[in-house]
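Bear in mind these aren't lab numbers, they're just calculated from the coordinates by the rules spelled out. The shown structure was predicted, so the numbers you read here are calculated from the model rather than taken from an experiment. Here the Cβ is made from the backbone with ideal geometry for all residues, glycine too, and neighbour counts use every protein chain on show.
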There are 6 protein chains.
Amino acid sequence: MRMLSRILRPRLEASAHCDLPCGVYDPAQARIEAESVKAIQEKYQGNDDVDFRTRAVEIKEQRSDLVKHHLWVLWTDYFKPPHFEKYPQLNQLFNEATKLAGAAGTKGSMDVAKADELLAKIEEISKIFWETKQG
Amino acid sequence: MRMLSRILRPRLEASAHCDLPCGVYDPAQARIEAESVKAIQEKYQGNDDVDFRTRAVEIKEQRSDLVKHHLWVLWTDYFKPPHFEKYPQLNQLFNEATKLAGAAGTKGSMDVAKADELLAKIEEISKIFWETKQG
Amino acid sequence: MRMLSRILRPRLEASAHCDLPCGVYDPAQARIEAESVKAIQEKYQGNDDVDFRTRAVEIKEQRSDLVKHHLWVLWTDYFKPPHFEKYPQLNQLFNEATKLAGAAGTKGSMDVAKADELLAKIEEISKIFWETKQG
Amino acid sequence: MRMLSRILRPRLEASAHCDLPCGVYDPAQARIEAESVKAIQEKYQGNDDVDFRTRAVEIKEQRSDLVKHHLWVLWTDYFKPPHFEKYPQLNQLFNEATKLAGAAGTKGSMDVAKADELLAKIEEISKIFWETKQG
Amino acid sequence: MRMLSRILRPRLEASAHCDLPCGVYDPAQARIEAESVKAIQEKYQGNDDVDFRTRAVEIKEQRSDLVKHHLWVLWTDYFKPPHFEKYPQLNQLFNEATKLAGAAGTKGSMDVAKADELLAKIEEISKIFWETKQG
Amino acid sequence: MRMLSRILRPRLEASAHCDLPCGVYDPAQARIEAESVKAIQEKYQGNDDVDFRTRAVEIKEQRSDLVKHHLWVLWTDYFKPPHFEKYPQLNQLFNEATKLAGAAGTKGSMDVAKADELLAKIEEISKIFWETKQG
């Protein structure tokens, strides 16, 4: 089924992200890190070993940073003025999403609900992203 | 269609990658970087400005490094002894794939064919990866 | 005028920037990197040695990345909803400033005028930043 | 006095720091990180949540590393033999300052007094730095 | 004696590691980081201060990562097909060694025995490495 | 012979380098990077392909940075006041060595003689280092 879906959306497959720019972007990069953040929170909840929790806190910090970074790259490098005109909510969406991966969000909390909020925001961004690729 | 494919393969969606471990792995991380490498090579071929090419060489170096890193993580952190037994070609596959992202591969060449070879190897790894997730 | 504003707000000199958050932010971090970018462009213009220019292109790339990073941190971590209400231009300002440090700005150009545009944007952000500290 | 010296040397404001070298150096980079270290210690003292403290310890480690790095760059890249002749205390000053940002200093301690000692050393370095710029 | 040993094995001294490739490799890089990991575990066992232990866990994480990285570089960049033919155990050796520096090894444990196992694996790799250099 | 030399100097083998501190230091880390720098210069001299040379310049930059970093760590973290008293040349030695890995040294030059000067300085430091370990 995965192969099928690939065949059906070939134009969407490639997505850019480096600042040559190569033109390859994909919100999946932010999503994968956010899924990792959520999984870390779950493992933390199920393990009260002090050192394990220290590792969880530290790794979640790094992964949250990666979420912020991937989102910032999309906001600055991928989205252009016409996109911001068509989707006036984009700025707030990105600001809220990156805040949700910060101190008041997944960095500062072990509550899985925070990661779920973050994943939902990333999904909103992702939907807009793929719409602009099809346009 | 993308949404449909998501619904049809929910168990495969999440994949782990940090070394807590969080348990989230996804070969898409290596593939996205390799697609970037290929796109950089194409842009390089179409632009003979000296500084642009310097930037292309440098950024391709970093992106190739990321490909190597993501693949190494899968090889060491995700794959376990039973996988290596079932797929005896795995070691060679990963060794060749990471070499293809190195000096004798995409780092040292601006030939798009190198990136295509690399992408094909990653696709082979990806197929095995998703089979093990379904097992 | 800049010197004057500094004399009037001595207590505000210190400013925070890590995502504990420590609460210390300072647009000077972005400005210093942008000044470095400009100085690199000037040195590049005055030296046609091939390897020197390669180094200049590469180092300018990194310094431009730091400008983007420091600005993103301010945009996400320092500025809060009330700021965005009071300064509705903030989103566009940051988006333009980070774009000016990217491929279509100082990363992709050796023209000192690009760095000057970037420095002017950072100065605009800086003025708003210090106003919010005094509020 | 600090403000006064700033007014008297406006042209010196910009200072270099990358190793092209671009020629832009500024002790403010080390100072800002050290202020962050101090703020982290203060927040740690006022919050006994285990995970918050883990984050504080970890982030303070990174920020202390940045202090060391910025100081090392000044010591090696900015200061030249004539400076060391004129200011024979420079070597010891930098060695003590970087040690103060290490294991026996702000990395290993949550005592704000350590950060204050570090900030005082950076201020001493900063004074010498600005004197050499005026020379 | 150290000087003597240097004189007696001059051809082995230089070893390559960057991916130009420069051709300089040395398993000592992985070994030094693994020795650091072991020393950190020992210091952790002898000190029950909470913050010291947090720092130990965090720094051990980074050093274990460096062990993995240095080993991966040897596996992909230094060893060539003829080596893998002559030493069929190489793949498994590297896979086990890098796993021993991961979550189920020195990252996840404060037991010095884990570091000893890791050091023993690195020594095995080192022996093969130096044999291939003499070949 | 290498094994023999190891047996004969067991106390010197382990050397510390992280800032816990773990107590493991080894000038070999700086030396290996400097040998890489020299090898890169040699390969650059023997290959006039533009892109290869761009890669050489870029990688040499990074490796020179690592030399500086490893030396700075020794200077600040390993050497203590009594060492500086006994070896009054230490400060100048480290300052010159790190400058030799910078813009006026191996970063800015493709002349192998620069790397040789750097390696000689590192050897001087190494000799003092091992003397202090035996003391």
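Taking Cα atoms, how many degrees apart are the long axis of helix A:112-134 and the longest axis of chain A, rounded to 10 and kept between 0 and 90?
The helix A:112-134 is inclined about 10 degrees to chain A.
Please sort C:109-115, A:27-33, B:31-37 by packing, taking for each peptide the average over its residues of neighbouring beta carbons within 10 angstrom, highest first.
B:31-37, A:27-33, C:109-115
Put the label 7 Å from Cα along Cα→Cβ for residue C:49; what are its distances to the other copies, in nanometres, shortest first?
So the distances to the same position in the other copies read 2.5, 2.5, 4.8, 5.4, 5.4 nm.
Between the DSSP loop rule and a limit of at most 11 other Cβ atoms within 10 Å, which chymotrypsin sites (Phe, Trp or Tyr not before Pro) in the range A:48-135 are left?
none
Compute the Cα gyration tensor for the range F:24-96, then decide on rounded, prolate or oblate, letting a ≥ b ≥ c be the square roots of its eigenvalues: rounded whenever a/c is under 1.5, prolate when a/b is larger than b/c in the other cases, and oblate in all that remain.
Because a/c hits 1.5 or more and a/b exceeds b/c, the range F:24-96 counts as prolate.
Starting from 0 in steps of 10 Å, tell me what percent of the Cα-Cα pairs of the protein assembly as shown lands in each bin.
2, 12, 23, 28, 22, 9, 2, 0
Check which residues have an amide H placed less than 5 Å from residue C:107's amide H, if you skip close sequence neighbours.
C:102
Across the range D:77-128, how large is the tail of the calculated P(r) beyond 13 Å, expressed as a percent of all Cα pairs?
I get 58 percent for the Cα pairs in the range D:77-128 exceeding 13 Å.
When the Kirkwood hydrodynamic radius is evaluated over all pairs of different C-alpha atoms of chain A, what value in angstrom, to one decimal, is obtained?
Value: 15.7 Å, from the Cα pair sum.
May I ask you to evaluate 6.51 cos²θ - 1.76 cosθ + 1.60, the Karplus curve with θ = phi - 60°, for each residue of the range E:65-70 and list the ³J(HN,Hα) values in order in whole Hz, giving x for glycine and proline?
4, 5, 4, 4, 4, 4
Mean projection of the alpha-carbon convex hull of the range F:54-102 over all orientations, in nm²?
Across all orientations, the range F:54-102 yields a mean hull projection of 3.2 nm².
Given a cut-off of under 8 Å on Cα pairs at least six residues apart, what relative contact order in percent is computed for chain E?
28 percent
Taking each residue of C:30-42 in turn, how many C-beta atoms of other protein chains fall within 10 Å of its C-beta, and what is the average?
That works out to 5 on average.
Name the lysines eligible as straight-distance cross-link partners of residue C:86: C-alpha to C-alpha under 17 Å, and not fewer than 8 places from it in the same chain.
Candidates past the 8-residue exclusion: C:127, C:133.
What are the nm distances, shortest first, from residue A:124 to its equivalents in the other copies, labels at 7 Å along Cα→Cβ?
Ordered by distance, the counterparts are at 2.6, 4.4, 5.3, 5.3, 6.2 nm.
Once phi is turned into ³J(HN,Hα) by the Karplus curve 6.51 cos²θ - 1.76 cosθ + 1.60 with θ = phi - 60°, what whole-Hz value does each residue of the range D:34-49 show in order, with x for glycine and proline?
Along the range D:34-49, the couplings run 5, 5, 5, 4, 5, 5, 5, 4, 5, 5, 4, 4, x, 8, 9, 5 Hz.
Between copies, how far does the label point of residue B:81 sit from its twins, in nm, shortest first, when each point is 7 Å from Cα along Cα→Cβ?
Ordered by increasing distance: 3.1, 5.5, 5.5, 6.3, 6.3 nm.
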